[in-house]
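Below is one structure, written out as structure tokens, with a few remarks after it.
The values are calculated or read from the model by the stated rules, or taken from the named source; none is laboratory data. Everything quoted here is computed from the prediction, not taken from an experiment. Don't worry about glycine lacking a Cβ; one is built from the backbone with ideal geometry, like all the others, and counts go over all protein chains shown.
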Amino acid sequence: MVGFVQTLSVTGLRSRCCVGPLAACGRAVAVALALILSAIHGAPAHSQQPVAAPAGAADAAAPLTGPGLVPNGGLSTSNANAGLAAAATGVHPLQPALDLAQKGLAKINENIRDYSCTIVKRERIDGKLGDHEYMFAKIRSQPFSVYLYFLGPDSVKGQEVIYVAGHNDGNMLAHAGSGVRAMVGTVSLKPQSMLAMQGNRYPITEIGVENLARRLVEVAEHDKQFGECEVNFYPNAKVNGRICTCVQVQHPVPRRNFRFNLARVFIDDEWTVPIRYEAYDWPQNNEAGGQPVLLEEYTYMNMKINNGFTDADFDPKNTGYKFGGK
């Protein structure tokens, strides 16, 4: 069933420890213009492409079929090889995962100034699992800057969002792709406002692999104090053809300390950065053997690092964008 975890028929070495609520990777904020015109009903209008189609966006809206990456978030059993030992004797079982996250965060801070990618997200909002959304993204570390162009589905296609820390009074700028909603033009929203957060689990300020790596470190350091969970490492997993190490964490019993039943983080072996995160709630029927329920999944595909982005890449007046700036 869509959104449910596939069974891992592998032999893995397990270690018992706790990984707490690993916050999902930074969220791409969909434009909340629908609320502004909530009285208007009808099928979503088809959008137009921007004046200059974002580089790297071609074919990105096609369904995800990369090796080992199933659209519903399951890990292909063909890529789940024998697990690695979770920790050496005398070392906390969670420590290897923490070391990996710290190494990745250090590499990002030292080596990655900016990157473009295709972000694929799927979230459960108010109990309802939404469709996959596809976004072309440009992200810069200093100052933290984000440009998003929504590739699909049709209900959001053509939307653009820009956020630059310390600019525009701390607001994000956004507009719809086409149709009636596009007539509203560009709007300025606080990233954590009700309008900006409508239909989203996280604000745009939390997007990106650096934010994800930082959160993994914070949570791992905190949750080393707890027990009652299983941590497994699976080498040679693949995300869109990239070789990764999958770190899987599962809490068998619901506790106040835990926000998920099962979570997976895919660490790119070459870059040592997280490029996919997925989290699942406890089975709805609360019975042994029930399938966990997908809460959220985020994937960073087709990453191109250190493109030399300038302020123009995050300027609504960029003639390649359609914010209507003068």
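Could you please find all residues in the range 276-326 being in a loop (DSSP other than H, G, I, E, B), at pLDDT 90 or above and touching a Gly at 6+ places or on another chain (Cβ under 6 Å)?
Those that are in a loop (DSSP other than H, G, I, E, B), at pLDDT 90 or above and touching a Gly at 6+ places or on another chain (Cβ under 6 Å): Pro316, Lys317.
State all residues of the range 210-228 that are part of a loop (DSSP other than H, G, I, E, B) and buried (at least 16 other Cβ atoms within 10 Å of the Cβ); if no residue qualifies, say none.
Within the range 210-228, Lys224, Phe226 meet the criteria.
Here's the yes/no breakdown for (1) modelled with pLDDT of 90 or more; (2) crowded, with 19+ Cβ neighbours inside 10 Å; (3) more than 26 Å from Lys317 (Cβ to Cβ):
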site: Asn111; (1), (2), (3): yes, no, yes
site: Thr118; (1), (2), (3): yes, yes, no
site: Arg122; (1), (2), (3): yes, yes, yes
site: Lys157; (1), (2), (3): yes, yes, no
site: Ala182; (1), (2), (3): no, yes, no
site: Gly185; (1), (2), (3): no, no, no
site: Gly208; (1), (2), (3): yes, yes, no
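When you check Glu210 against the structure, is it touching a helix residue (DSSP H, G or I) at 6+ places or on another chain (Cβ under 6 Å), closer than 30 Å to Ile162 by Cα and among the charged types (D, E, K, R), yes or no?
For Glu210, the condition - touching a helix residue (DSSP H, G or I) at 6+ places or on another chain (Cβ under 6 Å), closer than 30 Å to Ile162 by Cα and among the charged types (D, E, K, R) - is met.
Out of Val273, Val253, Val265, I need the residue that is among the hydrophobic types (A, V, I, L, M, F, W, C) and surrounded by fewer than 19 Cβ atoms within 10 Å (Cβ to Cβ). Which one?
Numbers: Val273 fails: surrounded by fewer than 19 Cβ atoms within 10 Å (Cβ to Cβ); Val265 fails: surrounded by fewer than 19 Cβ atoms within 10 Å (Cβ to Cβ).
None of the other options fit; the residue is Val253.
Is there any pair linking a residue in the range 107-131 that is under 23 Å from Tyr147 (Cβ atoms) to one that is assigned to a strand (DSSP E or B) and among the small types (Gly, Ala, Ser), with Cβ under 6 Å and at least six apart or on different chains, and which?
Cys117/Ala137; Ile119/Ala137
Sort out which residues of the range 136-152 are touching a residue at least 60 places away in the same chain (Cβ under 8 Å) and not small (Gly, Ala, Ser), and write them in order of number.
Phe136, Lys138, Ile139, Arg140, Phe144, Val146, Tyr147, Leu148, Tyr149, Phe150, Leu151
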